[in-house]
């Protein structure tokens, strides 16, 4: 199941999407942290850390952060684990990995999520921070998550979800679709950074609804599948691999 339809204004076919996204992230990586920082009013790190604690991340666990980007989720996890060596980051973008290496001494694996060169049953906790929309096939990726987690291991997916109501949807579209990209270009001077934020909006706007994400997690073999929300916009999808 694709997380969103083919965006033909960005690439001609679904097969071309991974290369387009990688190039976009490679070129926008240097601007990513400051743009995300002010875009979420400086609250992102606290929210990530709090969410991981609530869903069971504890010292002594081995963490896999998939689509790790510049390491924002991994950095929040480090404040809990107190050990860079317990963190593995999987990310296809060279540019994003280069930025993350400046902050973390974690293990980095350059790979797409659909087929990770990692052994099965290695990790206690798996995270994805606002990147689920960029996978090519959700059921395929979730099955891979199931494979690399140990029995009893947990997965936590953070995502921004367009509200259902007309007013909430309008405000969501106004901020993420118009204001955020405009301010990104204004403050960074980077066309690619602006394009990256526009692309983020386009994928959020067309992303499959939460019920489909929950169904895909169940289809991959996970139990205790649920979604919690914050401010009506931020989704926390969580699940557990059966013992």
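Side notes on the structure shown:
- Cα gyration tensor, segment 130-243 - rounded (a/c under 1.5), prolate or oblate: prolate
- Contour minus Cα-Cα distance for residue 223 and residue 170 (0.36 nm per residue): 15.7 nm
- The modelled label-to-label distance between residue 79 and residue 111, using points 7 Å beyond Cα along the C-beta direction, is 2.9 nm.
- Which of 124, 65 has the fewest Cβ neighbours within 10 Å, and the rest in rising order: 124, 65
- Span from the segment 117-181 Cα centroid across to the segment 48-116 one, whole angstrom: 14
- Fewest neighbouring Cβ atoms within 10 Å first, the residues 207, 89 line up as 207, 89.
- The chain - share of DSSP beta bridges that are antiparallel (%, nearest 5): 45
- Residue order, fewest to most beta carbons within 10 Å, for 157, 7: 7, 157
- Full extension of the chain between residue 178 and residue 1 yields a length gain of 60.9 nm, computed as 0.36 nm times the residue separation minus the alpha carbon distance.
- Cα-based shape type of segment 29-110, given that a ≥ b ≥ c are square roots of the gyration tensor eigenvalues and the cut on a/c is 1.5: oblate
- Reported label for calculated log10 I(q)/I(0) by the Debye sum over Cα atoms at q = 0.08, 0.18 Å⁻¹ given [x] -0.27, -1.62; [y] -0.34, -1.35; [z] -0.29, -1.48: [x]
- Label zone at residue 54, where the point sits 7 Å out along the Cα-to-Cβ direction: segment 194-222 residues whose backbone N lies under 19 Å: 210-211, 214
Every number in this text was worked out from the coordinates using simple rules, so none of it is lab data. Quick caveat, the model's predicted, so the values are computed rather than measured. Every residue, glycine as well, gets a Cβ built from its backbone with ideal geometry; the counts of neighbours run over all protein chains shown.
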